[in-house]
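The values are calculated or read from the model by the stated rules, or taken from the named source; none is laboratory data. Here the structure is a predicted model, which means the values were calculated and not measured. Backbone-built Cβ (ideal geometry, glycine too); neighbour counts: all protein chains shown.
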Amino acid sequence: MNETGARTPDEEIGAGTPDEEIGAGTPDGRSGAGAQDDERAAGAPDVSHGARAVRAWRQLAEGSVLLDGFHALKHAVRFQARIPVAVTTDRRAALALADELAPDVREAVDALLVEVPEATFASLVVRPHPTAMAALAVRPSRAAHLETLARTPRTTPVVVLDNPRNLGNAGAVIRLAAGFGATGVVTTGTLDPWHPTVVRGGAGLHFATAVERLTVDELPPGPLFALDPEGEDIRGLKLPDDAVLAFGSERSGLSPELRARADHLVSLPMRPQVSSYNLATSVAMTLFHWSATGGASA
């Protein structure tokens, strides 16, 4: 289904970051301020926490997932992301924010965050978040994600974005999918679903669901419901828990390859004068319909 939101130029995105796990930067595998305190107590060289964190950041940045801002860090912590380094310009303010918004992660955030000068922070993060904190996380194993996506019986749907182009929309979809408890989000085409802009749009919830890029031939098992203006009205259908829900690109709709593989074409209700919905809106409406008509999360 075509998208009617803001358009961005087509962007060819690379394959993304490697799947290899990244070391925590200390011999015992601990990270953040806690590990640094241990090193100092053990008689390690007197290197400031900030300098050590900056060095670790620069060593790990290329192969890591950037968590930009408090909400991304909060969600990554909640969903057990491995975070070797996290920095902020103001630890006191950051911990006060955690106390206010997410006391459940306050202890973990306290152990992770290292304070660095504003100029140093700006040199590490291209677009600093207003909450003035950022972290690097290890990208989850592709093999583990593929196993999750292929596992049957499946109790929640998989969302497929067919040749998406808008990075922000892709991030919003991942955030939605995580909120509804979807098994995963799969993209086809050139867009890397782990691109930093997508991760930013997903607010750290990439770690709450299986996010991978596949070809149409590699899609997970399950009945394929493809959203299309010519499809059957979704209000007359009950989407099964193991459904694969496919949404076309923002500009050109479903690819012929995916459309040909669809078991069902499904349409969303829309008045005649309106041509289409934003991609993330379409996904939200479809997942809500699944949930409201007896989906597993209901």
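Within segment 258-276, does at least one residue satisfy the condition of being in the same structural domain as A170 (by TED's automatic domain parsing), closer than 29 Å to L73 by Cα and of a type outside the set (S, T, Y)?
The answer is no; no qualifying residue exists.
Is it the case that segment 210-232 has a residue that's of a type in the set (K, R), touching a strand residue (DSSP E or B) at 6+ places or on another chain (Cβ under 9 Å) and over 13 Å from A177 (Cα atoms)?
yes
Quick one: is Q59 surrounded by 15 or more Cβ atoms within 10 Å (Cβ to Cβ), polar (S, T, N, Q), modelled with pLDDT under 95 and not assigned by TED's automatic domain parsing to the domain that holds Y277?
No, not satisfied.
Looking for whichever is free of Cβ contacts under 8 Å to residues at least 12 places away in the same chain and among the polar types (S, T, N, Q) here; the options are S141, S123. Which one fits?
Testing whether each residue is free of Cβ contacts under 8 Å to residues at least 12 places away in the same chain and among the polar types (S, T, N, Q) leaves just S123.
Every residue in segment 255-298 that is at pLDDT 95 or above, of a type in the set (A, V, I, L, M, F, W, C) and in a loop (DSSP other than H, G, I, E, B), please.
A262, L268
Tally the residues that are part of a helix (DSSP H, G or I), of a type in the set (D, E, K, R) and either under 18 Å from G189 (Cα atoms) or under 14 Å from the mean Cα position of the chain (by Cα) (or both), restricting the search to segment 126-176.
Residues that pass the stated criteria total 2.
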